[in-house]
Every structure is written in structure tokens, then in C-alpha cells.
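Read the structure below first, then the notes.
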Amino acid sequence: MSIIRVHEPDQVHDMHSYKAAITVFLALIFVSVSALVLTLVESARTAGLKYHLEAAADSALDSVFSEYHNELWDRYRIHGYECSDTASAEAEMNSYMETYARVESWMRMDDIRAVNADAAYLTDGGGEWLEQEIVDYMNFGIAENLINIDAADRLDQLRKDLKEADAIQEITNDYAGKTKEALMVEQALTDISRALEELKELKDKAEESLHHGSNGSFQHYTDQMISEIEKTAGEEDGGLVCVYLDGSYELEEELDRIDQEHAGSYSNISSSEGREIVNSVKADYIGYSSEEKSRRTEIEEIYSQLRDDVRAIERSREAADEIEEFEMELAAAADEDDDYDYEAEIQDLWDELAESFSMINIPGLDFEYGVADEQKKGFLEKAKELLSGDLLLLILPEGKTVSQAKLALSDAPSHTSGNSNRSKENRTVIENVLIAEYIARYFSEFTDDTDGPVRYEMEYICAGLDTDRNNLASAAGDVFVIREGMNYLSIVRDGNKRSQARHLAEEIVIGASAGTLTALVPVVECLIIAVWAGAESVVDCRALLDGRKVSLIKSSSEWKLDVHSILSWGENRKLEGSDSGDDKGLDYENYLKFIILLLFGEDRNFRMMDIMQIDVRLKDDGFLIKDCVYGLDMEVTGYVQHLFTAIPVISSETGGFTRAFEIKTEALKAY
């Protein structure tokens, strides 16, 4: 018999409550796990969206940078995205990112935009980004063929040698320039000596007139004496002594000025040979100056003596007039008394006055002065004057003409974007050599004989002036300075040439006569060497501008002029010498590259950009290189809606991630 258990109502309710609890528990676990999984998926989606935004930004920026200025690239291999302001760059960027904003998928983003753009223009930082583009381009497959570390060291040493040669030439040339003043001092002494000799002759004639009792002649000659003394030692500035003293003191001051002015230049002379050359020249001029001080003291004494002589002559003139009056009185008395003989008495008076007059001391120059060969000295001075004239006319080859065009620089980068206060160079020797090589490849110079808005482009980079002629004159003048410095060193290092210069100096100063100042010989020798080096440099530069080559350091066989050629040049304005220029050596373009290597980077860069702008404007008249962007850095943002975490069940579990959120990335690119 079966037993049926009847449950109470409360017991049935408890059993059903237990089963529902398990279902709810499982549901809660499912929701929690789903929330976790979907949150992880949402996180992965967010990371993917950021990568998606980065790809969009990079792709859009690449598209923007693909719009570089074609003419600038075709002509100069320089990339530049033309953009006058960052707002335009942002708008261009946004137009390329619209495609990414229209994506209809779980990777959708809204309101993608570029903001806070920062641009680096080619003109920024003194043109450092232009430099970078040039270096990158020149490094692309050609740098290893151009230069290596050893070559860079040699080039750096060569640059230092050129600076040293320039410093030596500048200092010695300044001293040589004062040789003219020294010769003027010697000429002033010669004039004084001649005037004193003339005074002695006049004094002798006046004294003789007294012995003959001729007051008229005496007054005539003494009047000439006073006039000659005033011309020689007059109290006005025009007197010969004053001219001499002014020149002497001025020369001393100028020598002191040269020594002080070039104190800083000595730092560019590192070699013992270079310092020895400069110190030797300096010692020669100091030696002459020392001799000059002692002579100046004697001239000042002569000046005082001549002023005393004027007073003594005046007293003698008055005495002669008194004797003449007395003679007239005696003559009247003699007319009344025929036996009265007064002539012997009067003659005694004239003789007594003559003896007194003879005591007047007309001084002479008791020291060495002047030069022996005035003609050769004149030719040498004329040759020096030619070097001080229009250099371009001297070095321009026969048959060549010079452009007189004026450059349009009113809105050139050097005028509108220059002066970045860049304080130092930030490029290595190799990089500067690459930039100089780039300039030689893409910019013309005089021997290229091109026809464009800027005829002499490399010369403009060297000089930065506003006319073709001035740029050529300046750049060719710099080449002349290089040649002059190297030629000067060639002369002083060559014993034979140095001997020729000394021999010519002795011919001019001493000659076959005595009485000239031997301390003047090395001073004149310095001038001869300077003029000789300059004349040789004129011939060299003519060859370079004619398309020929000249060695940087010339051997004796390459030398074109002998020392006497400079005298012929001064005499007839023609340089007689063999044609300069050979198949070996450096051409004009290479000399310009040396000058460019010595330029301050900012000046070089802006002058390049000036020419680029002028040239590109032939096809794009509104082109401004200051608007050309080298690099862009901007922030790109987009807004994203939560997808998986926005499901209501998950949203309640994750705290309600239902609002859109912002994603940011940085977009950075440079050419």
C-alpha cells in the first residue's frame, strides 16, 4: 500500500524559489561575461580606430605634400608645398580626410579634422630647411663620389690656409699701402733740402751784394730769401716743414692703427711661417718709423732756426737801408767839400754788415733722406694706383662685356625673411662642401655666359648686391684677393723672387748714390712685393674670367710676370707677360666655391632663395618662396560613438558608455 505524502503550501513555495535562483545566477554570469568580452572588443575597436585615424592622417598628409611646386622641383630639385598660412594647410588636409569620415562600418568616425597646424617654411631658421633639402639631395648617391673624411679634413685645412693667406695679405698690404706715405715723407724732405740749398745760394748772392754796396740787389735777394723761408718753414699749414711734419706724424699714427686694427687678424695666422712673415714686415716699418722720429726732431730744430733767420734778415735789411741813407747824406756833404772822401768809410760799413749777415746760419739736412731713382719710384706708385682703381676694368678679358641689369629684390627672401639671428654655423665641413657643389651645379656664373634675370648667379650668392655688375665686381674681387694672397706667399717663399724685389728696392732707394736712408729699402721692398703679387693676380683673374685655369699655389714655371713688369705697367699701363692660365689648376667656378665655403650660411641660403624666386617667377609670377612649406606638424581629431558598450544590457553593466568620445593623433611630415 503506497503512502502519499502531502506537502504543506510553504514547503512547495520554498522548492520553486530555489530553482529560480539558479537561473538568475546564470543569467547574471552571462551578462557579466558578455560585458567583459564586449568591453574588450570595444577597447580593441578603439585602438583600431586610432590606427585608422593615424593612417588617414598620414595618407592625407602625403597627399598634401604631393602638391609640391613643380617648377621649383624641376629647376632646383627642391620640394616646397606652397601654402601662405597654416589654415590653408588644415583645410587641404581636411579635404583629403573626408573619405575616411564617410566610411559606413563599425570603424566609422565623425568630424575628422586637422587642427593646431605648425609649419616649417624653407626660409625659417636662416634657411636651415633649405640646407637640409640640399644636403639630403646631394647625399643621394653622389656624396660618396665627391668627398670622404680625409678629403673633408684636407678641405678644412685648405679653408684655414686660405683664411691665413688672406689675413697675411691683408695685414702686409695695409703696411705696403703706407709705403706711399713714407715716400711722400721722403719727397717732403727732398723738397726741404732743395729749398735750403736755394736759400744758401740766395744768401751768398745777398752777401755779395753787400760787398758791392748794392742795397737794391741785397733787398731783392733777401726778399726772395724771406719768401723761400716762408715757403719752407712758414707758420701756415702750406709750408714744406709743416707738410713734412704732418705726413710724418700721420704715418706714425697709421702704423699704430694698423697694428691695433689687425690685432684680431693674428688669430687667423696659425703657422709659424705666416707669423714670421707678418712680424718681419712689421719690424721693417717699425725700424723706418724709429729712424723717422730722430729725423723729425732735427727738422723741428731747423724750423726754429729758419724762423730766427727771418728775424736776422729783417734786421740786416733795416741796417742796409740805414747805410744807404747815411751814404746819401755823405754824398751830399761831399758835393760841398770836394776834398772829402767818404767811399772808404761807406765800404767799411757795407763790409761790416756783410760780415754780420754771413753769420746767419742756413741749416742743411745732416741725415739720410730721399730716393735715388725718382722715375722708377714714380712708375711703382702709378702701378699701385692702378691696383687701387676699378678692379673689374683691370681683370676683364678683352672682348668681354658686363651686364648692367638691376635685380628685382624688393620682395626677395633676403629682404623680407632674413635676419633670423642665427648665431653660428650648424653644418659640417662635408655638408658645406655639398651645398657649394649644389650651387655650382644649379646656378650660373660669368663664364657660363647665360641669359636670364640674374646673369651672374653664383656671384650674387657671394656678394648679395643689387646689380649684375656690382656682384661680378665683388665676387671677382674676392677671387682676386685669394690669388693676391697666394701670389704674395709665393713671392716671399721664393728666395729668387724675394731677391729680385730687394734688388729693385735698392735701385729705387739707394742707386749709385749715397745719402739715402737704408731703412727705407725694406719698406719699398714690401710695396714692390705687394704690387707684384697684385699685378700677377690681375693676369690670373683675366685668365679665369676667360675660362682658363690657374693653380691655387703656382710653381715658378707657372709664374707670368717678372719684377720689372710692374714698372712697365706703371709707365704704359700694359702688363707685359706670358699668357696666364693652364690646363691644370682650378677654374673660375671652383674659386667661387671657395668663397661660398667661407660665407656665413644664412647669407648664402637667402641669396640662393632670392635667385630661385626670381627664376621661378618667369613661369609663376606670383611665386613667393617664403610661402613654401618644408614640414608640417598638426593634430588630427575624430569623434567616435561607442558601439558594443552602447548595448543597453552592457551599458547598464559598464556604467553607461553611450556618449561619443574623441580620438587624437599627431600628423608629422617633412620633405
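Listed here are the residues, each with its yes/no results for (1) assigned to a helix (DSSP H, G or I); (2) under 30 Å from Glu324 (Cα atoms).
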| site | (1), (2) |
| --- | --- |
| Ile226 | yes, yes |
| Leu251 | yes, no |
| Ser270 | no, no |
| Gly274 | yes, no |
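Inspect the range 380-392 for any residue being in contact with a Phe, Trp or Tyr (Cβ under 6 Å, 6 or more places away or on another chain) and part of a loop (DSSP other than H, G, I, E, B) and give the result as yes or no.
no
If you go through the range 150-165 one residue at a time, do you hit one that is open to solvent by 40 Å² or more (accessible area, probe 1.4 Å), more than 27 Å from the chain's Cα centre (by Cα) and modelled with pLDDT under 85?
yes
Could you tell me whether Ala476 is of a type outside the set (Phe, Trp, Tyr), without any contact (Cβ under 8 Å) to a residue 40 or more places away in the chain and open to solvent by less than 10 Å² (accessible area, probe 1.4 Å)? So that I can check it myself, show each step before the final result.
Details: of a type outside the set (Phe, Trp, Tyr): yes; without any contact (Cβ under 8 Å) to a residue 40 or more places away in the chain: no; open to solvent by less than 10 Å² (accessible area, probe 1.4 Å): yes.
No.
Return the only residue of Ser280, Ser289, Ser304 being hydroxyl-bearing (Ser, Thr, Tyr) and over 39 Å from the mean Cα position of the chain (by Cα). Full working, then the answer.
Working: Ser280 fails: over 39 Å from the mean Cα position of the chain (by Cα); Ser289 fails: over 39 Å from the mean Cα position of the chain (by Cα).
Of Ser280, Ser289, Ser304, the one residue that is hydroxyl-bearing (Ser, Thr, Tyr) and over 39 Å from the mean Cα position of the chain (by Cα) is Ser304.
Residues in the range 442-453 that are surrounded by 24 or more Cβ atoms within 10 Å (Cβ to Cβ) and either of a type in the set (Gly, Ala, Ser) or outside any helix (DSSP H, G or I) (or both): how many? First the steps, then the outcome.
Restricting attention to the range 442-453, the residues satisfying the condition of being surrounded by 24 or more Cβ atoms within 10 Å (Cβ to Cβ) are 443, 445-446.
Still in the running and either of a type in the set (Gly, Ala, Ser) or outside any helix (DSSP H, G or I) (or both): 443, 445.
The number of residues fulfilling the criteria is 2.
Failed condition for Gln404, given (1) open to solvent by 20 Å² or more (accessible area, probe 1.4 Å); (2) within 20 Å of Leu527 (Cα to Cα); (3) in contact with a helix residue (DSSP H, G or I) (Cβ under 8 Å, 6 or more places away or on another chain), with all others met?
(2)
To keep it simple, each residue is scored yes or no on (1) at pLDDT below 95; (2) assigned to a loop (DSSP other than H, G, I, E, B).
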site	(1), (2)
Lys554	yes, yes
Leu575	yes, yes
Ile595	yes, no
Met609	no, no
Gln613	no, no
Asp620	yes, yes
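Output yes when any residue across the range 528-535 is open to solvent by 40 Å² or more (accessible area, probe 1.4 Å), over 18 Å from the mean Cα position of the chain (by Cα) and closer than 30 Å to Leu365 by Cβ, and no when none is. Please lay out each step first, then the result.
Kept after step one, since they are open to solvent by 40 Å² or more (accessible area, probe 1.4 Å), are these residues of the range 528-535: none.
No, because not a single residue in the range 528-535 is open to solvent by 40 Å² or more (accessible area, probe 1.4 Å), over 18 Å from the mean Cα position of the chain (by Cα) and closer than 30 Å to Leu365 by Cβ.
Given the structure, is Ile299 open to solvent by less than 70 Å² (accessible area, probe 1.4 Å), in contact (Cβ under 8 Å) with a residue 40 or more places away in the chain, more than 30 Å from Glu355 (Cα to Cα) and among the aliphatic types (A, V, I, L, M)?
Considered against the rule, which asks whether it is open to solvent by less than 70 Å² (accessible area, probe 1.4 Å), in contact (Cβ under 8 Å) with a residue 40 or more places away in the chain, more than 30 Å from Glu355 (Cα to Cα) and among the aliphatic types (A, V, I, L, M), Ile299 comes out as no.
Does the range 435-457 contain at least one residue that is touching a strand residue (DSSP E or B) at 6+ places or on another chain (Cβ under 7 Å) and touching a residue at least 24 places away in the same chain (Cβ under 8 Å)?
Of the range 435-457, the ones touching a strand residue (DSSP E or B) at 6+ places or on another chain (Cβ under 7 Å) are none.
No, because not a single residue in the range 435-457 is touching a strand residue (DSSP E or B) at 6+ places or on another chain (Cβ under 7 Å) and touching a residue at least 24 places away in the same chain (Cβ under 8 Å).
Kindly list the number of the only condition in (1) over 30 Å from Ala436 (Cα atoms); (2) among the β-branched types (Val, Ile, Thr); (3) surrounded by 16 or more Cβ atoms within 10 Å (Cβ to Cβ) that fails for Thr99.
Single failed check for Thr99: (3).
For the range 216-233, indicate whether the set of residues that are at pLDDT below 90 and either more than 19 Å from Val521 (Cα to Cα) or open to solvent by 20 Å² or more (accessible area, probe 1.4 Å) (or both) is non-empty.
Yes; the residues of the range 216-233 include at least one that is at pLDDT below 90 and either more than 19 Å from Val521 (Cα to Cα) or open to solvent by 20 Å² or more (accessible area, probe 1.4 Å) (or both).
Please go through the range 40-85 and pick out each residue that is touching an Asp or Glu at 6+ places or on another chain (Cβ under 7 Å) and open to solvent by 50 Å² or more (accessible area, probe 1.4 Å).
Across the range 40-85, the qualifying residues are Arg75, Glu82, Ser84.
Take the range 166-222 and flag every residue that is aromatic (Phe, Trp, Tyr) and either outside any helix (DSSP H, G or I) or under 30 Å from Tyr591 (Cα atoms) (or both).
Tyr175
Give me the pairs, please: first residue somewhere in the range 189-202 and open to solvent by less than 20 Å² (accessible area, probe 1.4 Å), second residue anywhere and polar (S, T, N, Q) and not in a helix (DSSP H, G or I), beta-carbon distance under 7 Å, and either six or more positions apart or on two chains.
Nothing qualifies.
Any idea which residue in the range 332-373 is modelled with the lowest pLDDT, counting only those that are surrounded by 14 or more Cβ atoms within 10 Å (Cβ to Cβ) and charged (D, E, K, R)?
Among those that are surrounded by 14 or more Cβ atoms within 10 Å (Cβ to Cβ) and charged (D, E, K, R), it is Glu368.
The values are calculated or read from the model by the stated rules, or taken from the named source; none is laboratory data. Small disclaimer: the values here were computed from a predicted structure and weren't measured. So basically every Cβ, Gly included, is an ideal-geometry build from the backbone, and we count neighbours across all protein chains shown. To get the accessible areas, we keep the full protein, side chains included, count just its heavy atoms, and leave off ligands, DNA and RNA. Shrake-Rupley method; radii C 1.70, N 1.55, O 1.52, S 1.80 Å.
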